[in-house]
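As structure tokens, the structure follows; a few thoughts come after it.
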Amino acid sequence: MTLIKSISGIRGTIGGQAGENLTPIDAVKFASAYGVWLKQQREKEHHKVVVGRDARISGKMIQSLVMNTLIGMGIDVVDVGLSTTPTVEVAVPMEHADGGIILTASHNPKQWNALKLLNEKGEFLDAVEGGKILDIAEKGAVDFADVDSLGKITKNKAYIDLHIIEVLDLDLVTVKAIEEANFRVVVDGVNSTGGLAIPLLLERLGVEVIKIHCEPNGHFPHNPEPLKEHLTDLSEAVKKHNADFGIVVDPDVDRLAFMDENGEMFGEEYTLVACADYVLSHTPGNTVSNMSSTRALRDVTEKHGGAYEASAVGEVNVVKLMKKNKVVIGGEGNGGIIYPAAHYGRDALVGVALFLSLLAEKNMSVSALRKTYPSYFMGKKKIELTPGLDVDGILKTIEERYQNEQLTTIDGVKIDFAESWVHLRKSNTEPIIRIYTEAKSQDEADALADKFIAELGEIANI
């Protein structure tokens, strides 16, 4: 059982001992620390926070604890209920709120949950802000409100609809062309809130929707990370229904992957590549993704005359560099689309609408579209960490061994070879070292990952 406090929020497994897992005590502790921090940001009489959740089994419990902690501090709460991460991000500025909390552990299995914390712009807190909240939580200096100053909870279940309206209003979303294309699409909502939001969006776009695993009950029918090995049901449904393609999202709907008409993965890394290709063809400019994302985005960006740059892993790091470089689209290779014309957050609804607009414009199959992009193959593996392991020392040894190669060390160690690369880093969300590789074939990418797994094991004696 685990409790992880990081740039990605407060994430842990449900049950067990306080301080070691995400227990009710920990939910109250960190919600109250966030409330203290929020009040420090804006001196005002009334503060407001938007709170939403994915469909995890523990969601109702954690949300109730968080909301009642906030009203106990005199902070008003807008309860948007079952929602998506990008929907809550959109709701914060629409509500003129001071911040937001999303209760989701994203792609983690059902025993996990988390508090993802937003600022008044509906964007994730940076490391400095997050550090202040962790410091407040450890000191425990919280002043709660008296009985006449308690906050109030207001329910608003309209925000998924409002979010969809915002997406449909984007200049590059060609609603009429999509309607005329008569697409048939299978949606796997992994029994979370994507099963609500994605079909609603598609229906508004005139798309015929076949739903699988779209009941938001939190009982994930497969590992919720949208990878090929977890998506056999989607593959079979696409072929059975003669669909144009399939869509799968993670439980909080900020990651997006497609499956072509043959039931084959389009490639999670290529979600951003395709959406960027479409946006850049209409709005020339620059792009950003994180260090663990495919080189194909760089290639497509340069094809359109733009410049590409990589950030450290973590959505807040991507967003920071996107703003600095004034990019027109960016995101993460795990299927995370960040489109500034909408908002600065990974948004699967925006990604679906841009992808459909691209397909309608190209008038080609999803498999044919995939062949128009540079072909790279990625390996994503991991090593479980044991207590006391000197991970920083291990990565430093790797850095020294490969000092004559092109190195980037802003986030772990990335080594760029002529035809491939490897990125080794500690996870923000799990007690593991992630090993990402990319090469010109899957065998080469996997072999490169295995080589470094062996090397890490040799250095660490594991």
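The values are calculated or read from the model by the stated rules, or taken from the named source; none is laboratory data. Since this is a predicted model, take the numbers as computed values, not measurements. Using ideal geometry, Cβ is built from the backbone for each residue, glycine included, and neighbour counts are taken over all protein chains shown.
Couple of notes before you dig in:
- Picking from residues in the range 290-317 that are touching a Ser or Thr at 6+ places or on another chain (Cβ under 9 Å) and of a type in the set (Ser, Thr, Tyr), the one that is surrounded by the most Cβ atoms within 10 Å (Cβ to Cβ) is Thr301.
- Residue count for the range 196-250 satisfying the condition of being within 25 Å of Asp169 (Cβ to Cβ) and assigned to a helix (DSSP H, G or I): 9.
- Only a single criterion out of (1) among the hydrophobic types (A, V, I, L, M, F, W, C); (2) closer than 17 Å to Ala353 by Cβ; (3) surrounded by fewer than 20 Cβ atoms within 10 Å (Cβ to Cβ) is not satisfied by Ile210, namely (2).
- Scan of the range 295-343 for residues that are within 15 Å of His423 (Cβ to Cβ) and of a type in the set (Lys, Arg), ordered by number: Arg295, Arg298
- Every listed requirement among (1) assigned to a helix (DSSP H, G or I); (2) among the small types (Gly, Ala, Ser); (3) under 21 Å from Glu332 (Cβ atoms) is met by Ser192 save one, (1).
- For the range 280-291, residues that are outside any loop (DSSP other than H, G, I, E, B) and within 20 Å of the chain's Cα centre (by Cα) total 4.
- Test: residue in the range 433-455 that is under 23 Å from Asn290 (Cβ atoms), at pLDDT below 90 and assigned to a helix (DSSP H, G or I): no
- Among the residues of the range 103-158, the one identified as more than 18 Å from Glu430 (Cα to Cα), surrounded by 23 or more Cβ atoms within 10 Å (Cβ to Cβ) and among the aromatic types (Phe, Trp, Tyr) is Phe124.
- Subset of the range 1-57 (residues that are under 24 Å from the mean Cα position of the chain (by Cα), at pLDDT 90 or above and in a loop (DSSP other than H, G, I, E, B)): Thr23, Asp54, Ala55, Arg56, Ile57
- Of all residue pairs spaced 6 or more apart or on separate chains, those with beta-carbon atoms under 7 Å, a first member in the range 174-200 that is without any contact (Cβ under 8 Å) to a residue 60 or more places away in the chain and a second member that is part of a strand (DSSP E or B) and buried (at least 19 other Cβ atoms within 10 Å of the Cβ) are Pro199/Val187; Pro199/Val209.
- Residue match in the range 219-232 (condition: acidic (Asp, Glu) and modelled with pLDDT of 95 or more): no
- Residues in the range 137-163 that are within 27 Å of Pro86 (Cα to Cα), of a type outside the set (Asp, Glu) and in contact (Cβ under 8 Å) with a residue 12 or more places away in the chain: Ala137, Gly151, Lys152, Ile153, Thr154, Lys155, Asn156, Lys157, Tyr159, Ile160, Leu162, His163.
- Taken together, Val88, Val78, Val66 contain a single residue that is of a type outside the set (Lys, Arg) and either assigned by TED's automatic domain parsing to the domain that holds Asp252 or not in a helix (DSSP H, G or I) (or both), which is Val78.
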